[in-house]
Amino acid sequence: MVANVSANDAFDDPAYRAGVVDLLGLLGLGELTGFERMAADAGLAPSLADKAALAGMAVTEFHHFERIRDRLDELGAPVDDAMAPFRVPLEQFHANTTPADWLEGLVKAYVGDSIAADFYREVAETVDPLTRQLVIDVLADAGHADFAVGRVRDAVDADPRLAGRLALWARRLVGEALAQAQRVAVDRDALAALLVGGVDRPGMDLAELGQLFARITKKHTDRMTKLGLSA
C-alpha cells in the first residue's frame, strides 16, 4: 500500500480515485503500446547494434508497464479495466500515423511519445505526491530520445532532402497527438476532474488549460530543433 495516503486523504474521494485510475490506465496502455512498437521497430533496424538498442528500450517500457499494473492492483483496479477506455483513441492515433519507414518510426516515437509524456506530467502536477512520483519514474527516458535524435540527424546530414519529408511527418504527428490528448481530457470526466481540481493545488481554468497545451506545443518545437527539423 502507498504510505502518506491515509483514510482521511485523497483516495477517500471516489472521484479522485477514479481520476488516478484513469491516469494510470492511460499511462499503462501507452507504456504497453510503446513496448510493442519498439519491439516492432527493432525488426526494421538497419544494424544489429540498433536492433539491440531498441530491444533493450522495449524491455524498459514493459517494466514501466509492470509498475503501473502493480499500482493499479493495489488500488483494486484491474489493469484491463483501467486501460480499456483509452484503447480506441490510442488505436486511432496509431492507425492515423503509421510510419512508412525506419526514420519515420523513430520520429514518431520521439515526437509522439514525448507529447504524450508532456501531457501525463502536466496531469501529474494535480495528483498526490506518490502518484506523481510514479508517473515521473515511469516517464523517465530509457535512452530512446538521444537514440532517435542521433539517428535522424545522421540521416539528414547524409541526405538533406529527408528534412522536408520528416518535418511534414512530425507536424502531422503533433496535430494527431494533441487532438487525441484533448479528446481524452474532455471525454473522461474523472481524468478531467484531476485537471480542474487537484489534491495539492487549485485546478486549472479554461485559460490555464489552454496554456497547458501551449507549453506542450512549445516543447515540441524545441524537440524539432534538436532533431534538426523545422517545426
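In the set Ala55, Ala49, Ala18, which member is more than 23 Å from Ala190 (Cα to Cα) and surrounded by 13 or more Cβ atoms within 10 Å (Cβ to Cβ)?
Values: Ala49 fails: surrounded by 13 or more Cβ atoms within 10 Å (Cβ to Cβ); Ala18 fails: more than 23 Å from Ala190 (Cα to Cα).
Only one candidate passes the filter, namely Ala55.
Tell me the helices (runs of 4 or more DSSP H) entirely within segment 96-185 that contain at least 3 residues that are free of Cβ contacts under 8 Å to residues at least 40 places away in the same chain. Give the derivation first.
Details: elements: 102-124, 129-138, 144-158.
Here the list reads 129-138, 144-158.
Could you check how many residues of segment 91-143 are among the acidic types (Asp, Glu) and under 18 Å from Lys219 (Cβ atoms)?
Residues meeting the conditions: 5.
Yes or no: segment 118-138 includes at least one residue that is open to solvent by 50 Å² or more (accessible area, probe 1.4 Å) and over 30 Å from Ala10 (Cβ atoms).
Scanning segment 118-138 turns up no residue that is open to solvent by 50 Å² or more (accessible area, probe 1.4 Å) and over 30 Å from Ala10 (Cβ atoms).
Return only the number of the condition from (1) buried (at least 18 other Cβ atoms within 10 Å of the Cβ); (2) touching a Lys or Arg at 6+ places or on another chain (Cβ under 7 Å) that Ala42 does not satisfy.
Exception for Ala42: condition (1).
If you go through segment 94-113, how many residues are open to solvent by 20 Å² or more (accessible area, probe 1.4 Å) and under 15 Å from the mean Cα position of the chain (by Cα)?
Number satisfying all stated conditions: 2.
Of Asp12, Asp41, Asp50, which residue is of a type in the set (Asp, Glu) and free of Cβ contacts under 8 Å to residues at least 40 places away in the same chain?
Asp12
The values are calculated or read from the model by the stated rules, or taken from the named source; none is laboratory data. What you are looking at is a predicted structure, and each value in this text was computed from that prediction instead of being measured. With ideal geometry, Cβ positions are generated from the backbone for all residues, glycine too; neighbour counts draw on all protein chains shown. Calculation scope for accessible area: heavy atoms of the full protein, side chains included, ligands and nucleic acids excluded. Shrake-Rupley method; radii C 1.70, N 1.55, O 1.52, S 1.80 Å.
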